[in-house]
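Notes for the one structure printed next.
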Amino acid sequence: MTIPSAIGLTLAQAGSNTPLAWLLPLGGILLILFFVLIVALKQYKRCPSNRILVKYGKLGGGQAARCYHGGATFVVPLFQDYAYLSLEPLVIDIPLEGALSLNNIRVNVPATFTVGVSTDPVLMNNAAERLLNLPVQAVREQAQDIILGQLRLVIATLSIEEINKDREKFMKLINENVGQEINKIGLELINVNIRDITDESGYIQAIGKRAAAEAINRAKVEVAQQDQEGATGEAIAVRERTVNVAREIATGVQGEKEAEQQQRVAVAAMEAQAVVGEAQAKRDRDITIAQREAETQTAKKQAEQTQRIRVAEAEAAAVEGENTSRIRMARSTADLQEIQAEAKRRSDVASAKSLEAVLIAQREQELARLSKDHLAPQEIEKKRIEIAAEAEAEKRRREAKGEADAILLKYEAEAAGMQKVLEAKAEGYRRLILACAENPQVAPTLLLIEKLPELVAEQVKALQNIKIDKITVWDQGTGGPGGNGRNATSDFLSGLVGSLPRLHELAQQAGIELPSALGRVRDEHTHAPRSAPAPQANGDGVAPRA
């Protein structure tokens with residue numbers, strides 16, 4: 001008996017023995033199950049490859065949304081809802097003008113950026129939180145504002161030469177800075193197209209003209225060289241062409257013969273292989289057909305046996321199966337909740353680690369940039385200042401040492417010269433005293449006469465600035481009643497003559513002989529001129545000084 005006939009017999013027996021009151025509730029239950037099945041099929045949402053399915057509502061685990069790229073999920077009615085994020089790229093025009101570069105020159109960098117929603121789990125959640133249900137124009141405006149700011153920031157860190165020449169570095173900085181910022185709203189950078197780079201002052205144009213002029217001059221030189229090499233090469237080519245033509249003609253004839261031979265051999269070999277292949281294929285086909293027929297008969301017998309066994313077991317285990325199913329449903333629900341909690345925890349840990357890695361990379365990048373832009377120039381300037389200071393100090397030390405050596409040599413030379421002068425004077429004085437040993441009074445007189453021009457010069461200096469136009473002496477004498485009839489001049493001469501004796505006595509006591517113009521004083525008893533006693537000479541023949 002087959003399964004359909006057994007089911008039909010069972011229903012016929014139930015219809016003959018079951019009252020109508022049992023059929024109506026059964027039909028209602030079946031109708032409810034049908035509607036539940038329709039709703040379940042309708043709420044089972046599938047995600048296409050060019051979209052992201054965002055399920056939100058009561059999700060559990062504190063999640064605001066859950067994203068799916070591909071696959072499908074069940075949306076619980078009344079408690080959950082869904083929406084889609086498009087993965088289609090957005091093309092954004094950036095008409096950047098007047099951006100200030102590192103050397104304070106404003107540049108214009110019109111560019112086109114292509115961005116789109118990322119399929120990374122963390123970035124998908126960012127997009128679901130910030131871009132869900134936003135129109136395309138609003139998303140484009142947000143991305144355009146972020147890209148404009150970051151592009152100006154990148155240009156501010158580069159000079160005109162770096163922007164114009166090192167395009168790879170420029171693009172790398174744009175990808176890093178712009179990509180990190182738009183990742184915060186769930187977008188990723190797909191492509192960057194810099195259309196042109198110009199500046200208001202014409203600096204880039206001037207650089208281009210200079211490079212063009214250099215290239216033209218270099219090209220002219222290369223053209224001249226190539227013309228020279230071309231003339232030489234043409235002659236060589238004509239010669240080689242003649243030789244090669246003859247060689248190729250002979251090679252062509254030989255190749256034709258070899259190709260015909262190989263063609264005949266290959267055709268014969270392929271015909272033989274075709275015959276062998278046809279026979280082998282026919283034999284394999286017959287064997288396969290026989291094996292498939294035997295397997296089909298065996299499978300039919302096994303299926304009938306299995307069917308009878310399973311029907312008996314199904315009827316015996318129906319009640320037990322219902323209880324077991326309930327237990328499994330409870331366990332499955334608990335396991336599902338545990339798995340969801342574990343997945344939520346792993347997702348949070350992964351998000352935290354990803355954010356930590358991004359922050360560490362940003363910190364390393366910022367440290368590297370600061371080290372390059374600030375510390376490296378300061379270290380170079382420090383080394384330059386130290387070297388310059390050491391050189392200046394060494395220069396000053398050597399100059400000071402040279403000046404000190406020069407002053408020392410000057411003083412040594414002056415001391416040596418002064419010593420020579422003093423030694424010469426001492427020798428002259430000694431000889432003068434020796435020469436005046438017979439008349440010691442002559443030596444002081446000679447020394448006085450030697451210094452007399454200097455004394456006269458000093459007296460002349462004292463009077464040289466005094467202007468005397470006229471000297472008038474008014475002297476009427478003292479010839480009055482109580483006078484003696486002499487004038488002031490005669491009194492001066494009389495007083496001078498009266499002081500001569502005392503002057504001679506003083507000179508005699510000092511051992512100095514006055515000049516003959518001052519006269520001589522006679523002795524009161526002998527009326528002979530007095531003179532100073534002659535000093536006695538010492539053992540060296542030099543008279544001692546009084």
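The values are calculated or read from the model by the stated rules, or taken from the named source; none is laboratory data. Only a predicted model underlies this, so the values are computations on that prediction, with no experimental measurement involved. Heads up, the Cβs are rebuilt from the backbone with ideal geometry, glycines too, and the neighbour counts pull from every protein chain shown.
A few comments on the model shown:
- When restricted to residues that are within 21 Å of residue 179 (Cβ to Cβ) and surrounded by 13 or more Cβ atoms within 10 Å (Cβ to Cβ), region 126-140 contains 9.
- Residue within region 213-222 that is part of a strand (DSSP E or B) and either closer than 30 Å to residue 126 by Cα or small (Gly, Ala, Ser) (or both) present: no
- Residue match in region 403-425 (condition: within 24 Å of residue 508 (Cα to Cα), surrounded by 10 or more Cβ atoms within 10 Å (Cβ to Cβ) and either outside the structural domain of residue 508 (by TED's automatic domain parsing) or not aromatic (Phe, Trp, Tyr) (or both)): no
- The condition of being touching a residue at least 60 places away in the same chain (Cβ under 8 Å) and assigned to a helix (DSSP H, G or I) does not hold for residue 276.
- Condition met for residue 350 (part of a helix (DSSP H, G or I) and more than 30 Å from residue 178 (Cβ to Cβ)): no
- Residue in region 199-218 that is surrounded by 13 or more Cβ atoms within 10 Å (Cβ to Cβ), closer than 16 Å to residue 111 by Cβ and touching a Gly at 6+ places or on another chain (Cβ under 7 Å) present: no
- Enumeration of residues in region 141-184 that are assigned to a helix (DSSP H, G or I) and small (Gly, Ala, Ser): 143, 149, 156, 179
- Within region 61-95, considering residues that are in contact (Cβ under 8 Å) with a residue 40 or more places away in the chain, in contact with a helix residue (DSSP H, G or I) (Cβ under 6 Å, 6 or more places away or on another chain) and over 28 Å from residue 192 (Cα atoms), the one surrounded by the most Cβ atoms within 10 Å (Cβ to Cβ): 65
- Residue 403, sole failed condition from (1) over 30 Å from residue 123 (Cα atoms); (2) modelled with pLDDT under 85: (2)
- Restricting region 36-95 to residues that are of a type in the set (Asp, Glu) and over 21 Å from residue 336 (Cβ atoms), the residue that is nearest to the chain's Cα centre (by Cα) is 93.
- Yes/no for residue 129 being modelled with pLDDT of 90 or more, more than 14 Å from residue 197 (Cβ to Cβ) and outside any loop (DSSP other than H, G, I, E, B): no
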